Amino acid sequence: MATELGCDWLAASLCLGGSDILAAVKENSPTGEFIANLSVTGDPRASAIRLCLTGNNSDWFFLEGRTIRLNTSSARVLDREVQGPVLIAELTCYEDDVIQSQYRILVQILNENDNRPNFLPETIQPFSVSELTAVDSVVFSVKAVDADGDMIRYTIDQSSPDASFFRIDLPNSGNVVLDKPLDYETRTQLQLLIRAEEANSVEKFNTTANLTVNIEDGDDQYPHFLPCTPVSPGVPVCTNPTYTANITETLQELTLQFSPGPIRAEDGDRGLDAPLVYSILSGDDQGRFDINELSGEITLTRRVDDRHLMPSFTLRVMAAQQDDPLKYSVAVVLVRVLGQNLFPPLFNRTMYKGFIIQSSSPASIVSTYGNQVLLVQVSDRDFSDVRTAAPV
């Protein structure tokens, strides 16, 4: 008896007695998998009948005598997630090319666990969180789907570099909770590995996603003056410098030059870098000193008449955030008044002679006649009461 895809020639008596066919087959089943046997009995007076499979999904089947079998190949696998849950076709019985009967074929595709969970891309993109976020807050949520409909459980891989910052309290929710405080000044980015695993299957298929968490700077630091000297290694808190400058009695309306550098402060939140304003809190001697509120430059507005009466000035300078004056820092500014430098220093002689013993050590003293230590003396008429002498 000849067999062809979709049709089969049988004895004439087999065209009667059939019924609709309800069957089931597992996805990924091999070609030739049994679907159902036909129940038509036919009319014994007919010489021959013809059975044909038609309909949208008829190409998934073929007839072998009175048996319907699955028609697949290595290139075309029956996949419930692609094809859908049901295959529908029709079986038509012809006698002498005349339709004698017609039956529906409904084959349910049974699901198998053949898919891994997959994270939704939009839930695992790099995201940002403020360093001011409260501990125990839900900071983000991830979501994975399983084409087989399995329940998903989420866990944090503790081997990931920054796993200690987060936790998942409800494994089926995908909600990630902040477990300890963030600090932008210490870390600006965290890496986290999250696993999505089937919770109700034998296979426990799983997948992982590496998440990048960018920490946003929050306004939690105060300004500090430069140069910054950390109070201790690894602690982002500065000890403010003391700025010093020297002036003379003759100078007036002068922008002062300070050491260890110009008076300048910066916002401790470097990611925000809030603008600062400067002001003199005390010590300006009734306006003798003026500060540029934007640059921090200090100008002497009138001269000092007598340095003996006013040998120095101590100012307290404040730098505060424009948007939040309660965030500020204060530094000490010391201005010393010196006499005018009119004369150069002078040695007490134009030539000095001394002796040293051969093979002496590098620290040996140079001697003069009479075995006296050689002294070099310098005087300065700007400092008439001071004479400097140093052994050689």
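Bear in mind that the values in this text are calculations on the coordinates, not laboratory data. None of these values were measured; they are calculated from a predicted model.
Tabulated data for the structure shown
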| quantity | calculated |
| --- | --- |
| GNM flexibility winner over the chain from 217, 169, 59 (Cα, springs under 10 Å) | 59 |
| Of 352, 94, 278, the one that fluctuates the most in a GNM where the chain has Cα springs shorter than 10 Å | 352 |
| Contact order relative to length of the chain, as percent, for alpha carbon pairs under 8 angstrom and 6 or more apart | 10 percent |
| Separation of alpha-carbon centers, the stretch 328-377 and the stretch 61-92, rounded to whole Å | 106 Å |
| CD proxy at 222 nm, helix term only [per DSSP H run n ≥ 4: -39500 (n - 2.57); per residue of the chain; nearest 500] | 0 deg cm²/dmol |
| Residue-wise HN-Hα coupling along the stretch 304-314, computed from phi with Karplus coefficients 6.51, -1.76, 1.60 (Hz; x: Gly, Pro) | 9, 6, 9, 5, 6, 7, 10, x, 7, 10, 10 |
